[in-house]
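Participant: Below is the structure I would like to discuss, written out as C-alpha cells.
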Amino acid sequence: MSRASSALTRRWSETGTGARHPGAHHHYRRYTKAGLASIARTADLKIELLSHYNSLLFPVAAAARLVGKLVGKTSSDDQMPSAPVNAVLTRIFALEQHLVGRVPLPAGVSLVAVLS
C-alpha cells in the first residue's frame, strides 16, 4: 500500500460469546481491538480510526448466542427475522452512524479500522 492510500477493514470482534455465525460464513479469525491495532502497527500502518461497531445491538446478539449455547444450538444465527423486527433492528443499527469515530464504543459485534 502506498503512503498516499488508505484501507478500510471490517472484522468480527472477539466478543467472548462463542458465536458460530462467523465460522458458518468461513470467517475463522476474530480480533480484539488491541490485537488489530498490533497488526496495524507491525505492518507500519497509521491507525486513522479503530472502533467497535454494532454496539447498540451487542447485548441482544450476546444474549441470543448465550441462549443458543445453553440449549445446545449448533447452527449459525443468521436467519432473517420477521419484517417488523428487522425494521426495528435496522433503525437501531443505523443510529450508530452518528457514533462511530465520535464516541468511544467499548464493545460491539464487529470492529472497523481505517488504516494508512
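Every number in this text was worked out from the coordinates using simple rules, so none of it is lab data. Bear in mind that the values here come from a model prediction, so they are computed numbers and not experimental data. Note: ideal-geometry Cβ built from the backbone for every residue, glycine included; neighbour counts use all protein chains shown.
Participant: Could you give me the ³J(HN,Hα) list for segment 59-64, computed from phi with Karplus coefficients 6.51, -1.76, 1.60 and θ = phi - 60°, whole Hz, x at Gly and Pro?
Facilitator: x, 5, 5, 5, 5, 5
Participant: For K46 and M80, calculate 0.36 nm times their separation in residues minus their Cα-Cα distance, and state this gained length in nm to one decimal.
Facilitator: Numbers: separation 34, 0.36 × 34 = 12.24 nm, distance 3.72 nm.
Net length gain for the segment: 8.5 nm.
Participant: Order these by the 10 Å Cβ neighbour count, fewest first: K69, K33. Write down the numbers at each step before the final one.
Facilitator: Working: K69 14, K33 18.
By the 10 Å Cβ count, ascending, the order reads K69, K33.
Participant: Something else: Using a simple spin-label model with points 7 Å from Cα along the Cα→Cβ vector, what separation in nm is obtained for L66 and T32?
Facilitator: Between L66 and T32, the label points sit 2.0 nm apart.
Participant: Need the full-extension length gain, S116 to V103, defined as separation in residues times 0.36 nm minus the C-alpha distance. One decimal, nm.
Facilitator: Numbers: separation 13, 0.36 × 13 = 4.68 nm, distance 2.13 nm.
In short, 2.6 nm is gained.
Participant: Another question, if that's okay. Could you sort the peptides 110-116, 45-51 by per-residue average Cβ neighbour count (10 Å cutoff), highest mean leading? Kindly include the intermediate steps, with their values, before the conclusion.
Facilitator: Working: 110-116: 19.0, 45-51: 15.0.
So the order, starting with the most tightly packed, is 110-116, 45-51.
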